[in-house]
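One structure below.
Nothing in this text is a laboratory measurement; each read-out follows from the coordinates by a stated rule. Here the structure is a predicted model, which is why all the values come from computation and not from measurement. Positions of Cβ are generated from backbone atoms using ideal geometry, with glycine treated the same way; all protein chains shown enter the neighbour counts.
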Amino acid sequence: MATGKINVSVENIFPLIKKFLYSDHEIFLRELISNATDATLKLKHLTDIGETDVKYGNPVIEVKVDKEGKKLHVIDQGVGMTKEEVEKYINEVAFSGAEEFLEKYKDSAKDSGIIGHFGLGFYSAFMVANKVEIITKSYKDEPAAHWVCEGTTEFTLGDSDKQERGTEIILHINEEDEEFLEENRIQELLVKYNKFMPIPIKFGTKEETLPLPEDAPEDAEAETKTVDNIINNPEPAWTKQPTDLEDKDYKSFYRELYPMQFEEPLFHIHLNVDYPFNLTGILYFPKMTQDMNIQKDKIQLYQNQVYVTDNVEGIVPEFLTMLRGVIDSPDIPLNVSRSYLQADGAVKKISSYITRKVADKLKSLFNNNREDFEQKWNDIKIVIEYGMLSEDKFYEKAQKFALYPTVENEYFTFEELQEKIKDNQTDKDGNLVVLYASNKDEQHSYIEAAKAKAYKVLLLDSPIISHLLQKMEGEKEKITFVRVDSDQVDNLIKKDEEKISKLSEEEKEKLKEDFEKVIPKEKYTVQLEAMDSDAAPLLITQPEFMRRMKEMQQTGGGGMFGMGNMPEMYNLVVNTNHPLISDILNTKTEKKQERLIKHSLDLARLSQNLLKGEELTNFVKRSFDMVK
Ligand code: ADP
Ligand code: MG
């Protein structure tokens, strides 16, 4: 048997790195600025621990565009490199000086914020440049070095007369990448990726209006001054301790994150752990709308203050992707595919930590100021209900703060609700019947009828509510949810008062036949009920089960496939005690009776919003004819 060593030749790998390592060419700038930041943070660390007595000062990183020379410069005042270091760190692809530094200063440097990791970032420069120069002077007392490479495995390394400490990277931009010589484009990239990096980044200058002195005359003109255009806020709120921040600081950070967003967030959650993983961040609850999809992808993911992505899928539980804010963790392995990410142990822990933190915050808001929490409920319920539906842990915790508002704007926890209705709202099997409406206007008459019986009617109008009710019925014992316009309300009503019908059994039979002759069987089941004479003559109800299944199909529930398109089925409840019904029964001519039934049915459909299109047009025309 032969064993050996696979020989990877740099000549072959190099073009691959340049072309395929990063799918997005624009990230080269992020990588170069990360390196410049690392170099500066290293110097800070070395001066902090007293390894060198050079002055740290107030270093900045400067980005310069030289449009004519077709060059882009990134200049830092960090540690720099000696010639030997260039040989070691630059010429050896996939050898990370950042890793080495962290290894060497293991204990003291673990919180230094060093970004680099794989030793590949620098080469991303060749995605947009055909020639790259490094001019660098180390903080150690050695002459500066000048490295030039034209995108092959050949390079030159000579001396330079650079006097100041630090590194200048010069990219000779490819012809097809000239967008990176546009100031607007560079400004845009810097804001996107580097807005919160820890070392100030200068890009050109800008005019700043000076404030007028207090005693200035009214027509005095404000003076302007040319100042450095600093891109970033090196100390964003999430890197600070919650105890050092006030509510207004959180709000102004929100505006920094979303300058186009005029609405204030409802509240925030400050994330801060360092064991068993490292994660900081601030999440905000904005006012939610019903449409879940448009508000996704607003959370930004950072690693050591470098922007990575706004796709936090797999890291943040799905129901929380509707929130906004920032998560910063060096522990999220981003070089793997998203599906792998979801299986990663550390990432799972991160996700459940975030869920727990959010639940805890909601609970404390509820406990500390219930009135305020009730007021915000409508704006946040969609997240909470979605969370209860999709995460069992969250479902459990939410029992303490999830609210069930009534049509009259009372807010109950489920426990409180049970207490309220336990004497008045049970069916014959001893189940507690929770009545709810999904639309106050559309179900107005049903709501009124239920209120007349002193029933509590909840107003539950989220798009996913039928899924959640289904889940709750499964989890809780002896609870059923019944919409006010569903046929099961009868179970509840019949229990307390069995009304006596004015019609004889014979008459009832005839009435039923009369109706069934006219009304399509495959759509309506005719039911006779003895109700109050001033209740509606005809009432359309829908089987609770059927309606809910339909809703769940529409809002996409798991396991609902294969049910096909369920037919529309309704109950037509005929009130045998209503004078109109007696009239119909006693109408002699068949033609006239049919007309009466059809018109009454249309009226009942109209009150349920079921009369539409051509049928509605015909109905209106017929009604006008009758009035005239
Ligand atoms: P990484 O940052 O992951 O270590 P890079 O390919 O981005 O890998 O950089 C390789 C190494 O080159 C760095 O670790 C660092 O030692 C050195 N280097 C790159 N840019 C600079 C710079 N601006 N100043 C000093 N050293 C640098
Ligand atoms: Mg790097």
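Near the amide H of Tyr436, within less than 5 Å, lie the amide hydrogens of Leu458, Val482, Arg483, Val484, all on another chain or at least 5 residues away, with H placed in the peptide plane.
Among the listed pairs Lys140/Lys225; Lys451/Lys510; Lys251/Lys357, those whose Cα-Cα separation exceeds 26 Å are Lys140/Lys225; Lys451/Lys510.
When the charge dipole of the chain is built from unit charges on Cβ atoms (+1 for Lys and Arg, -1 for Asp and Glu) and taken about the Cα centre, the candidate among Val482, Leu157, Ala129 whose Cα reaches farthest toward its positive end is Val482. Between the helical axis of 544-554 and the longest alpha-carbon principal axis of the chain there is an angle of about 30 degrees.
Dipole magnitude for the range 237-372: about 260 debye, using +1 per Lys or Arg Cβ and -1 per Asp or Glu Cβ, origin at the Cα centre.
Among the listed pairs Lys110/Lys381; Lys88/Lys162; Lys88/Lys192; Lys349/Lys381, give every one whose C-alpha distance is greater than 30 Å. Working shown, then result.
Details: Lys110/Lys381 40 Å; Lys88/Lys162 20 Å; Lys88/Lys192 32 Å; Lys349/Lys381 25 Å.
Result: Lys110/Lys381; Lys88/Lys192 exceed 30 Å.
Based solely on its DSSP helices, what 222 nm [θ] is calculated for the chain when runs of n ≥ 4 H residues each add -39,500 (n - 2.57) and the sum is averaged over all residues, nearest 500 deg cm²/dmol?
Values: 19 runs with 228 residues, N = 628.
Here the helix-only value at 222 nm equals -11500 deg cm²/dmol.
Simple point charges give the picture: +1 on the Cβ of Lys and Arg, -1 on the Cβ of Asp and Glu, and for the range 378-531 a dipole about the Cα centre of about 140 debye. Between the listed residues Ala402, Tyr105, Leu585, the Cα displaced farthest toward the positive end of the dipole of the chain, a dipole computed from Cβ unit charges relative to the Cα centre, is found at Leu585.
With a cut-off of at most 13 other beta carbons within 10 Å, and DSSP calling the residue loop, which GluC sites (Glu not before Pro) in the range 163-201 qualify? Please list them.
Values: sites: Glu164, Glu168, Glu175, Glu176, Glu178, Glu179, Glu182, Glu183, Glu188; in loops: Glu164, Glu182.
Hits after loop and neighbour filter: Glu164, Glu182.
What you get for the chain, charging only the Cβ of Lys and Arg (+1) and of Asp and Glu (-1), is a dipole of about 2340 debye around the Cα centre.
Note on the chain: dipole from Cβ charges, positive end direction compared against Asn369, His117, Gly80; the farthest Cα belongs to Asn369.
Sites listed here are GluC sites (Glu not before Pro) in the range 446-555 whose DSSP assignment is loop and whose Cβ has at most 11 other Cβ atoms within 10 Å: Glu477, Glu497, Glu498, Glu522.
The distance from the alpha carbon centre of the range 169-194 to that of the range 203-234 is 27 Å, rounded to a whole number.
The range 204-284: which GluC sites (Glu not before Pro) are DSSP loop and have at most 13 other beta-carbon atoms within 10 angstrom?
Working: sites: Glu207, Glu208, Glu214, Glu218, Glu221, Glu223, Glu246, Glu256, Glu263; in loops: Glu214, Glu218, Glu221, Glu223, Glu246, Glu263.
Of the GluC sites (Glu not before Pro), the ones in loops of the range 204-284 whose Cβ has at most 13 other Cβ atoms within 10 Å are Glu214, Glu218, Glu221, Glu223, Glu246, Glu263.
May I ask for the equivalent-ellipsoid semi-axes of the chain, computed as the square root of five times each C-alpha gyration tensor eigenvalue and listed largest first in whole Å? List each step's numbers first, then the result.
Values: eigenvalues 986, 136, 125 Å².
Taking √(5λ) for each Cα gyration eigenvalue gives 70, 26, 25 Å.
Here the 3J(HN,Hα) profile of the range 110-122, calculated from phi with Karplus coefficients 6.51, -1.76 and 1.60 at θ = phi - 60°, is 5, 9, 6, x, 4, 9, x, 8, 9, x, 10, x, 4 Hz, Gly and Pro shown as x.
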